């Protein structure tokens, strides 16, 4: 599809400022946008000095851009020019708006006068801060348009946080075609966070009144004003589009499905190698976490996981726990020799790593180091035993001193009791929803339990003194990612897992789940399993999730491989090279709209 715009400005609070999923959206498609718009593609974000190392490479701006910066600096808006250090390295302009905050009341007054946005009682860091920045971004684009001249310019604004910039351009007839993208409506997310059934009430409520009830009227009204005043209103999924129609009163003009740059993900062969490497690291953790208390067969152990923000109901953590409890009882009743270790990689309110776990790791590493220090001798003795057809036993591998030393080290590792449910001490141990629900459902890490649980309440940075693995490495070492979300406008995690060659579960209440449903293969090996949640009772949902997890726990190695292959095939259908055309469609739609208005 041919683009009609000459310049594209893409505005997001998450440019060089990772907060959530929008950062992934803009970052992962930056190379495609750069290919299409070349040097006329700019991303605009906030300037936070502590966030830019490794994200932003500052450079001297071209003369025309420098003149714009000089105009804005006189108003208290300081701009930094450079490259965003992501694939494609698009031109980036970061705005330091700290000197522009004196305009706060004037900006809010203009939003009230022009769009009836009631921000009289809004809080600075909650609403005012992004609004001041967004307004400054609008000023920047306006001045850039003047410098560019008669060329066609389109500006895309992500979420209400950047909305004041779009509204500024409209109020000032800047001649810029605007696209507004809501990734999740503010009211929809708030309703779900407050444990109300969005899908049964969205056509029965007064949205404006509800926004006032929750105290989010300024954000809601900004979002609604952008939907109605943009030249192209877009959402990221069919489901969010329906939500917008009910809650904002506007149907989207274009659906912008979220994709990934699949060229950055491993091939199936590479994924298989990385699975084995990272599974080994996870197994080591499992050994020093559980084996001081009791052991089980690691060769018959499956690793399941859930990850993301701590949104207990919205992310389906409640459903995951209850389904795990059902699976645990089922495997126990069958006297199964299978074990499922379920990780909860969800950041929580922590004090620090449990002391006994630090000690466990230290003792385990001592044993591991001793073996690695004698690995050549051990290997030679194993080869000798095989070739000479002698029994391969402890005495055939280790000398007497090492046998004695091993026993001493293992005895230090052994502990009484049972493994903790969490790797860390929590500030709210008794009231934490995950911990409380695990206990209520009998997931206690007892020896007889076939489902073991590990609440890992920190970000996977790759250097956390426990796993020391990144987010993707942990995914790659696992067998199943479970994301049974109740509210998920798109949902990147099951897509990322699948792209890494890991089977995953999503739902028909997630934008990605609804999209992929039509492309699933027949039979049991679906690769990506779509859990039905729309209009279903909780017990039905839990039973279906239990069936999926039970099937995977008993699947043959060949079936698990088929699922991995199918997962990667399905992920390949969500490559940006297919989805980026929707963005061009939205930009063209906006250009056509503004040209119609001029003609009228």
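Checking the condition over 30 Å from residue 544 (Cβ atoms) and surrounded by 15 or more Cβ atoms within 10 Å (Cβ to Cβ), which residue from 363, 320, 312 passes? Working first, answer last.
On the way: 320 fails: over 30 Å from residue 544 (Cβ atoms); 312 fails: over 30 Å from residue 544 (Cβ atoms).
Sole residue among the options that is over 30 Å from residue 544 (Cβ atoms) and surrounded by 15 or more Cβ atoms within 10 Å (Cβ to Cβ): 363.
In region 175-189, which residues are assigned to a strand (DSSP E or B) and over 20 Å from residue 146 (Cβ atoms)? Please lay out each step first, then the result.
The initial filter retains those residues of region 175-189 that are assigned to a strand (DSSP E or B), namely 177-182.
Matches in region 175-189: 179, 180, 181, 182.
Residue by residue, here is whether (1) buried (at least 20 other Cβ atoms within 10 Å of the Cβ); (2) in a loop (DSSP other than H, G, I, E, B); (3) within 16 Å of the chain's Cα centre (by Cα) holds:
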{"residue": "439", "(1), (2), (3)": "no, no, no"}
{"residue": "467", "(1), (2), (3)": "yes, yes, no"}
{"residue": "496", "(1), (2), (3)": "yes, no, yes"}
{"residue": "516", "(1), (2), (3)": "yes, no, no"}
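Restricting to region 144-174, what's the tally of residues that are in a loop (DSSP other than H, G, I, E, B) and closer than 22 Å to residue 29 by Cα? So that I can check it myself, show each step before the final result.
In the first step, residues of region 144-174 are kept if they are in a loop (DSSP other than H, G, I, E, B); the result is 149-152, 159, 172-174.
From what's left, closer than 22 Å to residue 29 by Cα: 152, 159.
The total comes to 2.
When you scan region 382-401, do you find a residue that is surrounded by 15 or more Cβ atoms within 10 Å (Cβ to Cβ) and modelled with pLDDT of 80 or more, even just one? Within region 382-401, one or more residues are surrounded by 15 or more Cβ atoms within 10 Å (Cβ to Cβ) and modelled with pLDDT of 80 or more. Residue 43 meets the stated requirement of being free of Cβ contacts under 8 Å to residues at least 60 places away in the same chain, touching a helix residue (DSSP H, G or I) at 6+ places or on another chain (Cβ under 8 Å) and under 23 Å from residue 590 (Cβ atoms).
Cβ contacts < 7 Å: first residue surrounded by fewer than 16 Cβ atoms within 10 Å (Cβ to Cβ), restricted to region 278-304; second residue at pLDDT below 95 and assigned to a strand (DSSP E or B), any location; separation 6+ or different chain. Result? If the second residue must be at pLDDT below 95 and assigned to a strand (DSSP E or B), no pairs are left.
Per this entry, residue 481 is not counted among residues that are surrounded by fewer than 19 Cβ atoms within 10 Å (Cβ to Cβ), more than 22 Å from residue 371 (Cα to Cα), modelled with pLDDT of 95 or more and in the same structural domain as residue 528 (by TED's automatic domain parsing). Among the residues of region 163-194, the ones that are surrounded by fewer than 21 Cβ atoms within 10 Å (Cβ to Cβ) and under 21 Å from residue 592 (Cβ atoms) come to 4 in all.
Would you please name the residue that is surrounded by the most Cβ atoms within 10 Å (Cβ to Cβ), looking only at residues in region 12-40 that are outside any helix (DSSP H, G or I) and in contact with a helix residue (DSSP H, G or I) (Cβ under 7 Å, 6 or more places away or on another chain)?
Within region 12-40, the first condition is being outside any helix (DSSP H, G or I), and the residues that meet it are 12-20, 29.
The next check asks that each one be in contact with a helix residue (DSSP H, G or I) (Cβ under 7 Å, 6 or more places away or on another chain); those that pass are 12-15, 29.
Details: 12: 27, 13: 22, 14: 22, 15: 31, 29: 24.
The extreme case among them is 15.
Yes or no: residue 566 under 30 Å from residue 1 (Cα atoms) and either surrounded by 16 or more Cβ atoms within 10 Å (Cβ to Cβ) or outside the structural domain of residue 28 (by TED's automatic domain parsing) (or both)? Working first, answer last.
Details: under 30 Å from residue 1 (Cα atoms): yes; either surrounded by 16 or more Cβ atoms within 10 Å (Cβ to Cβ) or outside the structural domain of residue 28 (by TED's automatic domain parsing) (or both): yes.
When the stated conditions are applied, residue 566 passes them.
Of everything listed in (1) touching a residue at least 12 places away in the same chain (Cβ under 8 Å); (2) assigned by TED's automatic domain parsing to the domain that holds residue 152; (3) over 27 Å from residue 507 (Cα atoms), the single unmet condition for residue 206 is (1). Only residues that are exposed (fewer than 14 other Cβ atoms within 10 Å of the Cβ) and either assigned to a loop (DSSP other than H, G, I, E, B) or within 31 Å of the chain's Cα centre (by Cα) (or both) were counted in region 49-74, giving 10. Annotation for region 240-253: no member residue is more than 26 Å from the chain's Cα centre (by Cα), at pLDDT 95 or above and closer than 20 Å to residue 346 by Cα.
The values are calculated or read from the model by the stated rules, or taken from the named source; none is laboratory data. All values derive from a computational prediction rather than experimental measurement. Reconstructed Cβ throughout: ideal geometry from the backbone, glycine too, with neighbour counts over all protein chains shown.
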